[in-house]
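Novice: I have a structure I would like to understand better, so I am pasting it below and will then ask my questions one at a time.
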Amino acid sequence: MAGTEWDAWIGGERAIRETLSAVPAERMAATLDSLGADHPLGPGDGLPALWHWLYFVPAVPLSKTGRDGHPERGDFLPPVPLPRRMFAGARYDFRAPLRLGAEAVQTSRIRDVTEKTGRSGHLVFVSVVNEFSQDGKVCVVEEQDIVYREDPGQQAGAKPAPAPAPDVPLALWEDRATPGEVMLFRYSAVTFNSHRIHYDLAYATGVEGYDGLVVHGPLTASLLAEAAQKRADGPLTGFSFRGVSPLTHGTEIALRGIGTGEPGRIALEARVAETGRLVMSAEARFG
């Protein structure tokens with residue numbers, strides 16, 4: 001895979017328009033058990049942070065999906081031949097709430113495509129910048145990191161040894177959650193995410209080598225953001241997250257807030273409750 005092959009994809013753009021119906025947001029609230037039936041979302045309400053993932057999803061025909069259930073590559077995203085795809089992390093600037101009931105536009109641009117080889121084998125990283133606008137005003141900016149990997153049997157080197165017991169920092173607060181099969185199904189449905197690692201146990205374990213159904217990275221990030229938001233005095237103005245290790249269904253996680261020493265900022269992390277293994281690190285900013 002020559003570098004010049006991917007250079008041609010850098011700068012590629014796509015725009016998607018959609019009227020933000022309240023229905024997906026209501027279904028997300030039910031999936032996360034947030035907001036509650038006493039606070040229904042409707043036209044004019046601001047969309048909670050990170051819930052833009054419910055919208056702007058191309059309705060790709062089933063005949064144009066790949067082996068993993070994702071849309072075939074080569075339309076907007078480059079045709080990277082590595083079979084496994086992961087949403088590795090992202091950074092967000094929340095400038096204004098996206099309002100339900102109004103049309104919004106997502107403009108996407110491929111910022112970079114890079115290749116690396118390491119202990120995990122051959123990797124390709126794709127960086128995408130998404131801007132979400134209403135009435136000509138940019139409301140949310142997202143910088144998204146996507147990584148493509150080899151199948152487990154193709155990865156070079158021996159399987160890594162078990163990690164030592166982690167050094168878990170003290171937390172300001174902690175919530176617990178256990179994403180199960182029903183939550184994963186609902187989240188896949190409301191985000192129109194057909195990646196098989198989230199609902200096809202035989203595929204997730206037998207083909208991609210996971211220990212169970214994989215919890216969506218954005219789902220874990222949403223749980224962290226919601227845990228932080230309910231303890232904050234102001235709105236969420238910025239957020240970032242990085243996936244550290246896979247989380248599989250039925251595993252209890254600790255959603256933790258860690259002090260940063262900076263006003264308006266808090267470090268966050270999701271850890272496996274039983275072992276302390278770090279699943280995701282994040283940071284939230286409030287205004």
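Novice: Considering only residues that are within 21 Å of the chain's Cα centre (by Cα) and not in a loop (DSSP other than H, G, I, E, B), which ones fall in the stretch 58-72?
Specialist: Within the stretch 58-72, T65, P71 meet the criteria.
Novice: What are the residues in the stretch 171-188 that are open to solvent by 60 Å² or more (accessible area, probe 1.4 Å) and in contact (Cβ under 8 Å) with a residue 12 or more places away in the chain, if any?
Specialist: Passing the criteria: L172, E174, R176, T178, E181, F185, R186.
Novice: Could I ask something else about it? Do we find that Q106 is crowded, with 18+ Cβ neighbours inside 10 Å, closer than 20 Å to E13 by Cα and at pLDDT 95 or above in this structure?
Specialist: The answer is yes for Q106.
Novice: Given the conditions (1) within 30 Å of D7 (Cα to Cα); (2) in contact (Cβ under 8 Å) with a residue 12 or more places away in the chain, report the number of the one that G74 does not fulfil.
Specialist: (2)
Novice: Continuing with this model, one more query. Just to be sure before I move on: is F76 in a strand (DSSP E or B) and farther than 21 Å from L236 by Cα in the structure I sent?
Specialist: Taking the combined requirement at face value, the residue does not satisfy it.
Novice: May I pose another question? Quickly run through the stretch 199-213 and pick out the residues that are in contact with a Leu (Cβ under 7 Å, 6 or more places away or on another chain) and either over 21 Å from A189 (Cβ atoms) or outside any loop (DSSP other than H, G, I, E, B) (or both).
Specialist: L201, A204
Novice: Between a first residue in the stretch 27-46 that is within 19 Å of A189 (Cα to Cα) and modelled with pLDDT of 90 or more and a second residue that is open to solvent by 20 Å² or more (accessible area, probe 1.4 Å) and in a loop (DSSP other than H, G, I, E, B), which pairs have beta carbons less than 6 Å apart while being 6 or more apart in sequence or on different chains?
Specialist: From residues that are within 19 Å of A189 (Cα to Cα) and modelled with pLDDT of 90 or more, the pairs are A29/L35.
Novice: Taking I197, is it over 15 Å from the mean Cα position of the chain (by Cα) and crowded, with 22+ Cβ neighbours inside 10 Å?
Specialist: No: the conditions fail for I197.
Novice: Counting just the residues of the stretch 216-248 that are in contact (Cβ under 8 Å) with a residue 60 or more places away in the chain, in a loop (DSSP other than H, G, I, E, B) and under 16 Å from the mean Cα position of the chain (by Cα), which one comes out surrounded by the most Cβ atoms within 10 Å (Cβ to Cβ)?
Specialist: Top of the filtered list is L247.
Novice: Let me ask something else. Every residue in the stretch 200-213 that is surrounded by fewer than 22 Cβ atoms within 10 Å (Cβ to Cβ) and under 28 Å from R91 (Cβ atoms), please.
Specialist: If the condition is that a residue be surrounded by fewer than 22 Cβ atoms within 10 Å (Cβ to Cβ) and under 28 Å from R91 (Cβ atoms), then E208, Y210 are the ones that fit.
Novice: Turning to a different aspect of this structure: What residue, of P81, P71, is open to solvent by 70 Å² or more (accessible area, probe 1.4 Å), of a type outside the set (D, E, K, R) and touching a strand residue (DSSP E or B) at 6+ places or on another chain (Cβ under 9 Å)?
Specialist: None of the others qualify; the one that does is P81.
The values are calculated or read from the model by the stated rules, or taken from the named source; none is laboratory data. Small disclaimer: the values here were computed from a predicted structure and weren't measured. Neighbour counts run over all protein chains shown; Cβ positions are idealised from the backbone, glycine included. Each accessible area value is taken on the protein alone, full model and side chains, heavy atoms only, with ligands, DNA and RNA left out. Shrake-Rupley method; radii C 1.70, N 1.55, O 1.52, S 1.80 Å.
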